[in-house]
Amino acid sequence: MNTYLTLVLTSIAMLIIYVYSLSGDLHSFISKNNHWCQLRTYFVNVCFCSLYYSCVLQSIFRLFRVIFHQIKLLQSTQFFLLAILFQWVISFSLISLNLINHDYQHLLFLNRCWISFENTRGLLLTALIIYGCPLLTIVSIYTYIVRYIHYKTQFQQKRRTKIERDLLILKRITLFVFVVTTIGLPTILILLIWIISGILIPMAYYIQGLSMSIGLFIASICFAFISPQIQNLFNQKKQQNVRSSIMNRNYQPTHLRLSQKETDESI
């Protein structure tokens, strides 16, 4: 649920950015170069950062369930509420490095503040914080759990079932992060072309924005496959439909059932 709410908040933040950009196109005589412009972009990056770190938090939760299952404090609701708070605190803190270094510049042709491709240091720092660190952390946790299960094979059947379920969810989280990381792939490719050739390809910022929007859309679909809660909702809905169909068949009027029976006999 934490990841889903973060995903929704990220989409809203991106929508606000594009609304202000459209407003700048319609009212070009009004200057949008102010502190609010930088703060809006800062908050978008914070949301993206928190989205990835929420996946890290889910991975850590699986690690606690498998490795440190005897420590009940690490699996309590209060602990994970504090962890979610820490997730947002660390996201605001890490992305503030871009804000402190004045990496968010007002780009006139976009009518919004963004990190320019000419600012190689700022883009690489953002990519490392948002994409690099979470991906490496989740892969490390997944590898550690797999090795732990491989070398410690003696588990009770009930506990082994729980471990296999947690490992499956962690595998889906890892795939989810790999897929969502493709959001930043066009930005990295454009940045590499700029560093190597010194040429910024046309429509670079629009390609970047489009990839981010598509990435969020893909993430919202993929999230349904890694979240047990959402899968349970679909399964419950399916079971209700099957149950209602059976009940309707059982409560069919007597004369209709007799008519159907006579038809079957005649056939």
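The values are calculated or read from the model by the stated rules, or taken from the named source; none is laboratory data. These figures come from a predicted structure and were not determined experimentally. So basically every Cβ, Gly included, is an ideal-geometry build from the backbone, and we count neighbours across all protein chains shown. Note: areas computed on protein heavy atoms with side chains; ligands, DNA, RNA excluded. Shrake-Rupley method; radii C 1.70, N 1.55, O 1.52, S 1.80 Å.
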Name the long-range amide H neighbours of C113: under 5 Å, sequence gap of 5 or more, or other chain; modelled H, no Pro or chain starts.
L107
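Under 8 Å for C-alpha pairs, at least 6 residues apart: give me the relative contact order for segment 92-219, rounded to a whole percent.
In percent, rounded to a whole number, it is 20.
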Which order, highest average first, do 71-83, 210-222 follow once you tally other Cβ atoms within 10 Å for each residue and take the mean per peptide?
210-222, 71-83
Could you tell me the calculated FRET efficiency between I149 and Y206, based on Cβ-Cβ distance and R0 = 51 angstrom, to the nearest 0.05?
0.65
Charges at C-beta only: +1 for Lys and Arg, -1 for Asp and Glu. How large is the resulting dipole of segment 83-211 about its Cα centre, in Debye rounded to 20?
920 debye
Which value, in Å², gives the accessible area per residue of segment 1-146 when a 1.4 Å probe is used on the protein heavy atoms?
51 Å²
Can you put T143, T126 in order of accessible area, largest first, using a 1.4 Å probe?
T143, T126
Derived scalar couplings ³J(HN,Hα) [segment 178-185; Karplus, 6.51 cos²θ - 1.76 cosθ + 1.60; whole Hz; x for Gly, Pro]:
4, 5, 5, 4, 4, 4, x, 5
Per its Cα gyration tensor (rounded if a/c is under 1.5, else prolate when a/b beats b/c, else oblate), segment 91-149 is best filed as prolate
Give me the Kirkwood hydrodynamic radius of segment 1-152 in Å, from all C-alpha pairs, to one decimal place?
17.3 Å
Rg and Dmax of segment 75-227, Cα atoms only, in Å
19.5, 63
Surface accessible to a 1.4 Å probe, H35 within the full protein complex, Å²:
140 Å²
